[in-house]
Amino acid sequence: LKLTKGEVLKSLDKYLYQYLSKTNSCWAYSHVKAWSNQLNIDGFSGMHCGRCIPCIWRRAAMNYAGIENMDDSYLLDEIPEQKQWLTRGHLTVLIDLYRYCQNISQLAKVDLLKLYPDIYDENSDLEERIKMLKRYSNQEIIPWFEDNNEVIRHYVNY
């Protein structure tokens, strides 16, 4: 059975929650401390930028599992003018993720395979993979974007 990140987190024993803030997903992990210094954010001890795809996946999964308060802090949340820190490139990636998940949630298998041929993997069951991607999109990513889209909404009406 293939589980989404949120489903895995939801299935964890509660005693493991204490370790979640010590785990890392961020692509830009090695830059976060330097960026917080450049942005004059005193005392920031987080390990996540908050604007890369792995950070969004993590946040959405934590939210789905109902344990977002057990997570590390995100640099993006600490910046007074968040929208100035999101470049056009970051916004494009985030909007692409949102649209990908919308397509996954709405399109039939034949259309998904035309749009995203990489969904097919000869080593896994296609039906099971599509079901997992639909759960991931519908349960985690789309709801997170709908609840937390204030930064993106500033730039683009999607």
Single unsatisfied condition, residue 153 versus (1) modelled with pLDDT of 80 or more; (2) surrounded by fewer than 18 Cβ atoms within 10 Å (Cβ to Cβ); (3) among the basic types (Lys, Arg): (1)
Residue in the stretch 35-55 that is touching an Asp or Glu at 6+ places or on another chain (Cβ under 7 Å) and under 13 Å from residue 148 (Cβ atoms) present: yes
Flag if residue 45 is modelled with pLDDT of 90 or more, small (Gly, Ala, Ser) and open to solvent by 50 Å² or more (accessible area, probe 1.4 Å): no
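Any residue in the stretch 59-70 that is under 30 Å from residue 125 (Cβ atoms), open to solvent by 20 Å² or more (accessible area, probe 1.4 Å) and aromatic (Phe, Trp, Tyr)?
yes
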Any hit, the stretch 47-67, residues being more than 27 Å from residue 11 (Cβ to Cβ) and hydroxyl-bearing (Ser, Thr, Tyr): no
Elements of type helices (runs of 4 or more DSSP H) contained in the stretch 17-106, each with 3 or more residues being hydrophobic (A, V, I, L, M, F, W, C): 29-38, 53-65, 88-106
Where residue 79 falls short, out of the listed (1) open to solvent by 20 Å² or more (accessible area, probe 1.4 Å); (2) more than 17 Å from the chain's Cα centre (by Cα); (3) of a type outside the set (S, T, N, Q): (1)
Selection status of residue 118, acidic (Asp, Glu), within 14 Å of residue 137 (Cα to Cα) and either in a helix (DSSP H, G or I) or within 17 Å of the chain's Cα centre (by Cα) (or both): no
Filtered residues of the stretch 84-123 (kept if loosely packed, with under 12 Cβ neighbours inside 10 Å, small (Gly, Ala, Ser) and more than 18 Å from residue 28 (Cα to Cα)): 108
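The values are calculated or read from the model by the stated rules, or taken from the named source; none is laboratory data. Note that the coordinates shown come from a computational prediction; the quantities given were computed from them, not determined experimentally. Positions of Cβ are generated from backbone atoms using ideal geometry, with glycine treated the same way; all protein chains shown enter the neighbour counts. These accessible areas exclude ligands, DNA and RNA; they are computed on the full protein's heavy atoms, side chains included. Shrake-Rupley method; radii C 1.70, N 1.55, O 1.52, S 1.80 Å.
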